[in-house]
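Colleague: The structure under discussion is supplied below as C-alpha cells; questions concerning it will follow.
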Amino acid sequence: METKKAHILITGANRGIGKAVAKRLAEDGAHLYLAVRQNDPELVEEMRQAGAGAVEILECDLSTREGVDALVQKLGDTRIDILFNNAGVLTGGLLEDQPLDDIYDVFQVNVAALVQLTQALLPRMLKRKKGLIINNSSISGIMYLPGASTYAASKAAVIAFTHCLKQELRNTGVQTLLLITPGVKTRMFDRISDLYGQNYKVPKGTITPEKYAEMIHEAIVEDLEELSPSGLTGAAMHVARHLPSLVERAVRFRFKR
Ligand SMILES: NC(=O)c1ccc[n+]([C@@H]2O[C@H](COP(=O)([O-])OP(=O)(O)OC[C@H]3O[C@@H](n4cnc5c(N)ncnc54)[C@H](OP(=O)(O)O)[C@@H]3O)[C@@H](O)[C@H]2O)c1
C-alpha cells in the first residue's frame with residue numbers, strides 16, 4: 001500500500017517498534033494518529049521534524065474495554081487507511097508465579113484490544129474498499145518456550161485472528177499484514193531476561209527498532225501478507241512450525257525449574 005500521505009493509526013507509538021515505525025512513515029509525509037497513554041509534545045515535534053503531514057495524539061489506555069471504546073469515540077469518523085495494532089505487554093515466568101492481574105492484562109492489551117479496535121475500524125475501510133490492518137505478533141506465537149505460556153498464547157491468538165481475517169477480507173480491498181516479530185532491542189526485550197531468566201537461558205540476538213521499522217515499511221509498500229524473520233531465527237521458526245518436538249527436545253537442556 002502507498003504510504004505517502006496515508007492516514008495511519010499506531011497504538012503504542014511512544015517508544016520501541018511503534019515509535020520507530022511512526023518515524024519511518026513520517027518520512028513519507030504520512031498523517032499520523034498516535035495512540036499513547038500519555039500526551040507527549042516532544043513525540044509530536046519529533047514526527048513533524050521527520051516530515052509527517054500531520055500528527056495527532058490520541059490519549060488512551062487499552063487495558064480495558066472502556067479504554068478502547070474511548071479511543072474509538074475520539075477517532076469519530078476519521079479516515080484511517082492503515083491501522084497498526086502494535087501496543088503490547090509482556091508476561092513471563094513459571095505460570096504459578098505470574099500475577100493473575102498481569103495475565104488478564106496480557107490478553108486484554110495484546111488480544112482483546114487489538115480485536116476490538118480492528119472491528120471498530122473495519123466497516124469504514126470496507127466502505128472505502130481500501131485499508132490495511134497490521135497486527136504485531138511474535139515468534140513466541142509459533143515457538144512455544146517454557147516461561148512464555150501466557151505471552152505466547154496471546155501472540156498465537158493474534159496469528160490465528162489475522163489468518164482468519166485475511167480470508168474474510170479477500171477481494172474486499174482491505175488487507176492484513178501479520179508481523180511475526182523476532183527479538184527487537186526495545187524496553188520489552190530488555191525485560192525478557194528479568195521475567196524468564198531464572199528458568200531459561202534467553203537467546204541474545206536482536207535487531208534495532210529502526211532496522212525493523214524499515215522492514216515493516218518495505219512489507220507495507222510491497223503488499224506482503226506476512227513479515228517473518230529470516231536467517232537462523234527464521235530457520236528455528238520453520239522447525240518449530242513443522243517439527244515442534246525437535247524444539248522441545250532442544251529447549252529441555254536450557255530450562256530448569
Ligand atoms: N521487542 C521484541 O523483541 C518483540 C518481539 C516480538 C513481538 N513484539 C511485539 O511488538 C510490540 C511492540 O513492542 P516493543 O518491543 O516496541 O515494546 P515496548 O517498547 O515495551 O512498547 C510497548 C508499547 O505498548 C504500549 N502499551 C502497553 N500497554 C498499553 C496499554 N494498556 N494501553 C496503551 N498502550 C500500551 C506501551 O505504552 P507505555 O509506554 O505507556 O507503556 C508502549 O508504547 C508488542 O506487541 C510486542 O509484543 C516485540
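The values are calculated or read from the model by the stated rules, or taken from the named source; none is laboratory data. Fair warning: this is a prediction, and the values are worked out from it, not measured in the lab. Glycine gets a Cβ as well: all are built from the backbone with ideal geometry, and neighbour counts include every protein chain shown.
Colleague: Please verify whether residue 30 is among the hydrophobic types (A, V, I, L, M, F, W, C) and touching a residue at least 60 places away in the same chain (Cβ under 8 Å), treating the condition exactly as stated.
Modeller: No.
Colleague: For region 7-87, which fully contained helices (runs of 4 or more DSSP H) count at least 3 residues that are closer than 16 Å to residue 116 by Cα?
Modeller: 65-75
Colleague: What's the total number of residues in region 165-186 that are out of contact with any Gly (no Cβ under 6 Å at 6 or more places or on another chain) and either among the aliphatic types (A, V, I, L, M) or closer than 17 Å to residue 136 by Cβ (or both)?
Modeller: 13
Colleague: At pLDDT 95 or above, part of a strand (DSSP E or B) and either within 21 Å of residue 181 (Cβ to Cβ) or among the polar types (S, T, N, Q) (or both) - does that describe any residue in region 98-108?
Modeller: No: region 98-108 contains no residue that is at pLDDT 95 or above, part of a strand (DSSP E or B) and either within 21 Å of residue 181 (Cβ to Cβ) or among the polar types (S, T, N, Q) (or both).
Colleague: Looking only at region 116-128, decide whether some residue is in a strand (DSSP E or B), more than 15 Å from the ligand (Cβ to nearest atom) and small (Gly, Ala, Ser).
Modeller: Scanning region 116-128, I find no residue that is in a strand (DSSP E or B), more than 15 Å from the ligand (Cβ to nearest atom) and small (Gly, Ala, Ser), so the answer is no.
Colleague: Would you please name the residue that is nearest to residue 54 (Cα to Cα), looking only at residues in region 78-104 that are away from the ligand (no atom under 11 Å from the Cβ) and among the polar types (S, T, N, Q)?
Modeller: The qualifying residue nearest to residue 54 (Cα to Cα) is 78.
Colleague: Looking only at region 195-221, filter to residues that are more than 18 Å from residue 136 (Cβ to Cβ) and free of Cβ contacts under 8 Å to residues at least 40 places away in the same chain; which one of those is farthest from the ligand (Cβ to nearest atom)?
Modeller: Among them, the one singled out is 197.
Colleague: Look through 21, 68, 36 and report the one residue that is in contact (Cβ under 8 Å) with a residue 40 or more places away in the chain, within 14 Å of the ligand (Cβ to nearest atom), within 15 Å of the chain's Cα centre (by Cα) and buried (at least 18 other Cβ atoms within 10 Å of the Cβ).
Modeller: 21
Colleague: Considering only residues that are surrounded by 20 or more Cβ atoms within 10 Å (Cβ to Cβ) and either away from the ligand (no atom under 15 Å from the Cβ) or under 20 Å from residue 75 (Cα atoms) (or both), which ones fall in region 24-33?
Modeller: Of everything in region 24-33, those that are surrounded by 20 or more Cβ atoms within 10 Å (Cβ to Cβ) and either away from the ligand (no atom under 15 Å from the Cβ) or under 20 Å from residue 75 (Cα atoms) (or both) turn out to be 25, 26, 30, 31, 32, 33.
Colleague: Within region 131-184, which residues are buried (at least 18 other Cβ atoms within 10 Å of the Cβ), more than 8 Å from the ligand (Cβ to nearest atom) and part of a loop (DSSP other than H, G, I, E, B)?
Modeller: Those that are buried (at least 18 other Cβ atoms within 10 Å of the Cβ), more than 8 Å from the ligand (Cβ to nearest atom) and part of a loop (DSSP other than H, G, I, E, B): 142, 143, 145, 146, 147, 148.
Colleague: Within region 227-248, can one find any residue that is outside any helix (DSSP H, G or I), surrounded by 14 or more Cβ atoms within 10 Å (Cβ to Cβ), free of Cβ contacts under 8 Å to residues at least 24 places away in the same chain and within 13 Å of the ligand (Cβ to nearest atom)?
Modeller: Checked region 227-248: no residue is outside any helix (DSSP H, G or I), surrounded by 14 or more Cβ atoms within 10 Å (Cβ to Cβ), free of Cβ contacts under 8 Å to residues at least 24 places away in the same chain and within 13 Å of the ligand (Cβ to nearest atom).
Colleague: Out of everything in region 116-175 that is touching a residue at least 12 places away in the same chain (Cβ under 8 Å) and at positive phi, what residue ends up being farthest from the chain's Cα centre (by Cα)?
Modeller: 129
Colleague: Related question: Of 48, 15, which residue is near the ligand (Cβ under 8 Å from one of its atoms), surrounded by fewer than 22 Cβ atoms within 10 Å (Cβ to Cβ) and more than 25 Å from residue 127 (Cα to Cα)?
Modeller: Criteria check complete, one pass: 15.
Colleague: Count, please, the residues in region 78-106 that happen to be under 12 Å from residue 149 (Cβ atoms) and in contact with a helix residue (DSSP H, G or I) (Cβ under 7 Å, 6 or more places away or on another chain).
Modeller: 7
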